[in-house]
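Chemist: Quick one: the structure is below, questions incoming.
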Amino acid sequence: MRLILEVWRQADAASPGRFERYEVDGVTDEVSMLELLDMLNAQLVAEGREPVAFDHDCREGICGTCGLMVNGRPHGPEDFTPACLQRVRTFSDGDVVTLEPWRAGAFPVVRDLVVDRSALDRIIASGGYISTATNAAPEALTMPVNKHQAEAAMDHAACIGCGACVAACPNGAAQLFTGAKVAHLAELPQGQVERYERVRSMVATMESEFGSCTNYAECVPACPAAIGLDVIAHLNRDFRTAVVVQRRGEVPERTDVPWLARLRGGPWWQSDPDDAGDGTTR
Ligand code: SF4
Ligand code: FES
């Protein structure tokens, strides 16, 4: 099959970009979006021309590094699939395929199809740390996690940080990403101690860099990890609680997590066994 590619070329963030048209012949159905770019680059290098810059790493849907707009859709024509696992089989001989970088104000173009996604890292960094036991591994039953919560946490942790949700959103919002990160830790005992400080801080960073969610839900089919809108409800719920807690100057009580009192009160979770837990030393 012969495909005609309209590819965004841009030397750096300060330079203006433009589409350039190329033809790639001999493309078979099982070729992925990234392999299509490999074929194009081999051709450009052989002709002594500058290859197209694009991000990639694992090429098996794990790392979240790949990402480009294919005919205006994040990652490509198939839902819930990263660019590295998308095949060209939905195209026909002679089709024109448009390849662009993520289009979002928070993701400036670095070069060609590569964008700077460090705004997502800044949301994560503003979430800070979790308090957890150090030294020897604690006995497993000290901190039981029920099956439903464990599975929900794993589902939310599946987010690979690719940024497709932001690119898909007409508002350029990062609620799906932030919701997945917040909900992941909020399901687990280890996430409880800083739970409300964390959500306040992450939402503040998110809102300073990204647009606001108005429930278009375009992010859901674009997400290769199949993160659902429920994480945005979770994010909003925790943020509302955090704001109320801050206004009242309270520490929230969670009656559904009986181990939380033990976590707060017991000396077992502190890293220093001589620390009495009240600022003094035994
Ligand atoms: S929520 Fe989905 S689309 Fe958004 S960064 Fe995570 S994996 Fe990518
Ligand atoms: S290259 Fe790692 S998810 Fe696509």
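Values in this text are rule-based calculations from the coordinates and carry no lab data. Bear in mind that the values here come from a model prediction, so they are computed numbers and not experimental data. Glycine also receives a Cβ, built like all others from the backbone with ideal geometry; neighbour counts cover every protein chain displayed.
Chemist: Dividing the Cα radius of gyration by the Kirkwood radius, what Rg/Rh value follows for the range 66-175?
Modeler: 1.12
Chemist: So if I place +1 on the C-beta of Lys and Arg and -1 on the C-beta of Asp and Glu, and nothing else carries charge, what would the dipole magnitude of the chain be about its Cα centre? I want it in debye, nearest 20.
Modeler: The dipole of the chain has a size of about 920 debye.
Chemist: Arrange F54, F177, F19 by Cβ neighbour counts within 10 Å, fewest through most, would you?
Modeler: Result, fewest neighbours first: F19, F54, F177.
Chemist: Further, regarding this structure: Any idea what % of Cα-Cα pairs in the chain are farther than 26 Å?
Modeler: The calculated P(r) of the chain puts 52 percent of pairs beyond 26 Å.
Chemist: Still on this structure, I have one more. Can you give me the distance in nm between label points at A46 and S131, each placed 7 Å from the Cα along the Cα-to-Cβ direction?
Modeler: With each label point 7 Å from Cα toward Cβ, the separation is 6.3 nm.
Chemist: If each residue's Cβ is checked for other Cβ atoms within 10 Å, how do W8, W102 rank with the fewest at the top?
Modeler: W8, W102
Chemist: A follow-up question, please. Under 5 Å between amide hydrogens, which residues at least 5 positions from V110 or on another chain qualify, with H placed 1.01 Å from N in the peptide plane?
Modeler: V115, D116
Chemist: Work out the charge dipole of the chain with +1 on the Cβ of Lys and Arg and -1 on the Cβ of Asp and Glu about the Cα centre, then indicate which of P101, V245, C58 is farthest towards its positive end.
Modeler: The listed residue farthest towards the positive side: V245.
Chemist: How much mean residue ellipticity at 222 nm does the chain get from its helices, if each DSSP H run of length 4 or more adds -39500 (n - 2.57) and you divide by all residues, to the nearest 500 deg cm²/dmol?
Modeler: -10000 deg cm²/dmol
Chemist: Further question: Going by Cα centres, the range 194-239 and the range 84-163 are how many Å apart?
Modeler: Measuring centre to centre over Cα atoms gives 13 Å.
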